[in-house]
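S.K.: Handing you a structure now.
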Amino acid sequence: MTYRTEESAWVQVAPAAPVAGAQVAQQRSTAEYRALDAAHHIHPFSDMGSLNRSGSRVIVKAQGVYLWDSEGNKIIDGMAGLWCVNVGYGRKELAEAAYRQMQELPYYNTFFKTTHPPVIELSALLAEITPAPFTHFFYCNSGSEGNDTVLRTVHQYWITQGKPSKKYVISRKNAYHGSTIAGATLGGMGYMHEQMPSKVEHIVHIDQPYYFGEAEAGMTPEAFGLARAQQLEAKILELGAENVAAFIGEPFQGAGGVIFPPSTYWPEIQRICRKYDILLAADEVIGGFGRTGEWFAHQHFGFEPDLITLAKGLTSGYIPMGAVGLHERVAKAIIEHGEFNHGLTYSGHPVAAAVALANLKLLRDGKIVERVKNDTGPYFQQLLRETFAGHPLIGEIAGAGLVAGLQLAEDPKTRKRFENGGDVGTLCRDFCFNGNLIMRATGDRMLLSPPLVITRQEIDELVSKAKMAVDATAQQLGLS
Ligand SMILES: *Cc1c(COP(=O)(O)O)cnc(C)c1O
């Protein structure tokens, strides 16, 4: 067959033999896949020039917590894909649910005064799984669209309350809320804002509760958590409470580096939201569906949001789906006010809903969340802390359940960070990659978020591979 390479030359290629280790018949050689990928595929969040020069790794198969690439390498996935494959790879129940639903009713909309069994069953199950006040769910295809929906919903809510001046939404720097225009504006990633000349209006940011990186020397985590939460109060007073609609935050920041706020932070945020009558939205896209050992991360931190954004673990990534859960008080206002002018062709898609349903039943009936809370979560957290105790390169281990952030630091004792922290993170990430471990780097923090079905033995492997990569990084920097 023929295809165009990066240099736009037409070349002839022969079909490749299947690769050992990958049980699916592989249609092409790694070199062919790379050339075609470079020729025709733009990757998300990537420097395509440099990626095309080095070549992508081609992932061809997955089972449990392992991936296989086109060269036959077996890789342990410390990131559950992109924080989403909570039930692990290769679950037949989800594939069968999709297959059955595609045969029965592959698609129908929920616009025309119509509904269908999968979306009904999913909504009822979500109402059961989420804390009691969450009675209603709106569906979309991703976390980004979920946060767009949160914006639409909070504005509609305040209109129903006769307070249309409440328009500002307060978010945080170094937050991640997705990559639609609204999602990226809500997020606090500077580089994403720079790319966008026009942003969504009425969105402002306060500082993040990142103790290791931003607390002054001598300040306790508790005092720092309170101080960062009180920035919300100051911002509300600056804007005028009558102009503020909502505050949104990830219970713990995921893409921002698995930053766990001090224990004082969320109770104070909640107090301030209640005091000034501001809706509180929790972006549970990563934290939801068992990641911390609770069903939802806001339960881990002990606060009660008015809206929750769901995606990723909702379907364990087997098929795209997002949702927003509404507190009954918000739901009631939306329901009683007449038309809500928001919807997507695939809102409540029957196949996605059927897969979500099968996924949630696996999580619930397999007692997977309980296992994270009582067994594998504590085991993982303790093993990480023991393994890296006193390590010359590790400043803190943050996390709970099966999510962790490892802070790389020049001097762990004084919380001194590297000038070129991003390079150190990339160096460590590359050692992981070469050691067949997927551990992500965000700046100078290394992130782990494995499938929730990981066993103790697989945790041992994951942590020992992480240790090898961190040791190799320290050695390269002359720190060990
Ligand atoms: C991934 C993520 C999103 C965006 O979800 P997409 O499905 O990529 O649009 C939003 N919020 C958080 C916290 C996320 O981690």
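The values are calculated or read from the model by the stated rules, or taken from the named source; none is laboratory data. Owing to the predicted nature of the structure, the values given are computational and were not obtained by experimental measurement. In this analysis, Cβ positions are derived from the backbone assuming ideal geometry, glycine residues included, and neighbour counts consider all displayed protein chains.
S.K.: Name the one entry in A358, A354 that is in a helix (DSSP H, G or I), over 21 Å from the mean Cα position of the chain (by Cα) and in the same structural domain as A215 (by TED's automatic domain parsing).
M.R.: A354
S.K.: Something else now. Report, by residue number, each residue of the stretch 181-200 that is crowded, with 17+ Cβ neighbours inside 10 Å and under 17 Å from A246 (Cβ atoms).
M.R.: Within the stretch 181-200, A182, G183, T185, L186, G187, G188 qualify.
S.K.: May I ask you to say which residue of L384, L447 is in a helix (DSSP H, G or I) and assigned by TED's automatic domain parsing to the domain that holds N86?
M.R.: L384
S.K.: OK, next. Can you list residue pairs whose Cβ atoms sit under 6 Å apart, with the first residue in the stretch 271-299 being of a type in the set (V, I, T) and the second being assigned to a loop (DSSP other than H, G, I, E, B) and buried (at least 23 other Cβ atoms within 10 Å of the Cβ)? Count only pairs 6 or more apart in sequence or on different chains.
M.R.: The qualifying pairs are V285/A311; I286/G254; T292/G401.
S.K.: Which is surrounded by 21 or more Cβ atoms within 10 Å (Cβ to Cβ) and outside any helix (DSSP H, G or I), of G405, G390?
M.R.: G405
S.K.: Then there's this: Working only within the stretch 296-320, note down all residues that are crowded, with 23+ Cβ neighbours inside 10 Å, near the ligand (Cβ under 10 Å from one of its atoms) and more than 13 Å from the chain's Cα centre (by Cα).
M.R.: none
S.K.: Residues in the stretch 381-403 that are touching a Gly at 6+ places or on another chain (Cβ under 8 Å) and among the hydrophobic types (A, V, I, L, M, F, W, C): how many?
M.R.: 6
S.K.: Might you let me know whether the stretch 51-62 holds any residue that is under 30 Å from R34 (Cα atoms), β-branched (V, I, T) and free of Cβ contacts under 8 Å to residues at least 24 places away in the same chain?
M.R.: yes
S.K.: Does the stretch 159-179 contain any residue that is within 20 Å of the chain's Cα centre (by Cα), surrounded by fewer than 18 Cβ atoms within 10 Å (Cβ to Cβ) and free of Cβ contacts under 8 Å to residues at least 60 places away in the same chain?
M.R.: yes
S.K.: For the stretch 279-290, enumerate the residues that are away from the ligand (no atom under 13 Å from the Cβ) and assigned to a loop (DSSP other than H, G, I, E, B).
M.R.: Selection gives G290 alone.
S.K.: Something else about it: Can you find a residue in the stretch 407-429 that is closer than 27 Å to T315 by Cα and out of contact with any His (no Cβ under 6 Å at 6 or more places or on another chain)?
M.R.: No; the residues of the stretch 407-429 include none that is closer than 27 Å to T315 by Cα and out of contact with any His (no Cβ under 6 Å at 6 or more places or on another chain).
S.K.: If you don't mind, there's one more thing I want to ask. Could you tell me which of the residues A35, A80, A98 is at pLDDT 95 or above and within 16 Å of the ligand (Cβ to nearest atom)?
M.R.: A80
S.K.: Does A127 meet the test of being among the hydrophobic types (A, V, I, L, M, F, W, C), in a helix (DSSP H, G or I) and either crowded, with 19+ Cβ neighbours inside 10 Å or touching a residue at least 60 places away in the same chain (Cβ under 8 Å) (or both)?
M.R.: Criteria not met by A127.
S.K.: Specify which of the listed residues (A323, A246, A255) is more than 20 Å from the chain's Cα centre (by Cα) and within 16 Å of the ligand (Cβ to nearest atom).
M.R.: The conditions single out A246.
S.K.: Based on what the data block shows, is G293 within 16 Å of the ligand (Cβ to nearest atom) and part of a loop (DSSP other than H, G, I, E, B)?
M.R.: Answer is no for this residue.
S.K.: Let me ask something else about it. Can you confirm whether V150 is among the aliphatic types (A, V, I, L, M), assigned by TED's automatic domain parsing to the domain that holds L239 and within 14 Å of the ligand (Cβ to nearest atom)?
M.R.: Spelling it out, V150 is indeed among the aliphatic types (A, V, I, L, M), assigned by TED's automatic domain parsing to the domain that holds L239 and within 14 Å of the ligand (Cβ to nearest atom).
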